[in-house]
Each structure stands twice: as C-alpha cells, then as structure tokens.
Amino acid sequence: MFVGHYSVSFALKKAEVSIPLWKLFLAVQFIDIIWAIFVFLGLEKAEIDLHSLAASPLNLYYMPFTHSVLGALFWAIAVFTCTVVFSESKGPIRWKMAMIYSIAVFSHWVLDFIVHLNDLPLWANSYKAGIGLYQSAIGTFLVEIILLIAGVIIYFRAVRHHQKVTKIFLFFILFLIVLCWNSIWGIKPPTTNIAASFLLTCYLLTAFIIYLIEKKQRLRENSV
Ligand SMILES: [Zn+2]
C-alpha cells in the first residue's frame, strides 16, 4: 500500500492534535523507509516483476526484518521506547505520543496485509500471508483513495486550517492521488534499487511538504 497508509496519520492526528502531522507521515511509512535502506544494504531482497501483480511491479520475496509481524512489532516497540526516552514532552502526554507513534508504525503491516499477496512473513521468512488486493489495479486504487479521503475527513474534523493553507493542503492531497495513480499505472522502475530510491524519496518529500504546510499554518495563526 502507498498513500492509503496516510489515512492512519490523519486519523491519529485527531487522537492527539499536538503531534506534528509530518512525524505521523514518517511513522506510518517507517517500515518501508527501513525496507528501502535494507534493500540498498542487501539485507532484504526484491526483484522487478511486471507480470504477477496488476498493481505492484515488485516481487518482495525476502523481507523478514521489516515486513514480518515480528519485525513490524520490533520497530513499533523501538519507536515507542525512543519516544518515551527522548521526547521533550513530560508526564502522561509522552506515553500517549509513544503509543500513537507505535500504532502508526504497526498500522503499516496491517494495511500492507490487505494488498500484498502472500509475501508478508509471520516471522523470519516463513508462514507468509497477505490478502492480495494488488491483483486488481482498480481495486487497489479505489481502496487507497477511499482510505486517504476518509483520513482527510477525520483530520478536518480535528484541525482547522486558514483558507489559503486549506487550498495548499487540498492540492497536496491531489498530488498524493497522482502519486498513487503513477504507482499503479505510471512508469515502471527498471531496477529494485531505483524502485526503493523512488519510494524513499516520496516518503521523505511528502513528510517535508506536510512540514511546510504545518509551518505555514502556524505563521498564519501567529499573524492573526
Ligand atoms: Zn510496506
């Protein structure tokens, strides 16, 4: 899954509005960010396969450290622990933030489970699962976009933007929809490393754009 993961970011922002949305954007893709780095390092493996799945060009045949249930739990607990230890917030809010970030991290596996086809191991590289929505291009696109829009509706119930910022924000959502379209029907990556680089760039870029939008909103609030 790609932009559908951001629905969890938007929903969790409603759970605690003081959490920066850009950090939640990174949290829901944290497992894929580590995956991209592990692919570069040769620790996890994939190959380009343009024929098996309608909505994904990748055969993800070895990813025990990031996309196994055990791996996803490990990263969620690691993020929980780091938030508790390093957060500048004090008191119960620190634990709440740690909980929210770890839910965001683990949600990645849950949503991937809907789209991946029997390539998500329970642990190590065995007992692989996945419902396989990637077999349908239009099905994948619809589920991703419905999730994204549902997340945005929840988000707008919790957060008020200045009118100008709302416009920029909605353009950004449109950009996410284009990215989703491109991931299914657009240019196919020639190598696994290029696919991983492209995804990593998308994850960092989208989080950076959200950071800029949130900054613009803060400036607007301060100037009123
Ligand atoms: Zn993933």
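The values are calculated or read from the model by the stated rules, or taken from the named source; none is laboratory data. The structure presented is a predicted model; accordingly, all values stated were derived computationally and were not measured. Every residue, glycine as well, gets a Cβ built from its backbone with ideal geometry; the counts of neighbours run over all protein chains shown. Accessible surface areas use protein heavy atoms only, side chains included; no ligands, DNA or RNA. Shrake-Rupley method; radii C 1.70, N 1.55, O 1.52, S 1.80 Å.
Tabulated results
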read-out	value
Qualifying lysines (Cα of each under 22 Å from Cα of Lys164; at least 8 residues distant if same chain)	Lys13, Lys14, Lys215, Lys216
Angle between the chain longest axis and helix 69-86 axis [Cα atoms, degrees, rounded to 10]	30
Accessible surface of the chain [probe 1.4 Å, protein heavy atoms]: carbon and sulfur percent	71
Per residue accessible area in Å² of region 97-148, where ligands, DNA and RNA are left out and the probe is 1.4 Å	42
Cβ charges +1 (Lys, Arg) and -1 (Asp, Glu), total dipole of region 3-223, debye	1020
Whichever lysines have a C-alpha closer than 20 Å to that of Lys45, once near sequence neighbours (fewer than 8 apart) are set aside	Lys128, Lys188
Probe 1.4 Å, all protein chains present, accessible-area order of Ile187, Ile209, largest first	Ile187, Ile209
Pairwise centroid distance, computed over Cα atoms, of region 1-68 with region 177-202, Å	12
Globularity index of the chain, i.e. its alpha-carbon radius of gyration over 2.2 N^0.38 Å	1.02
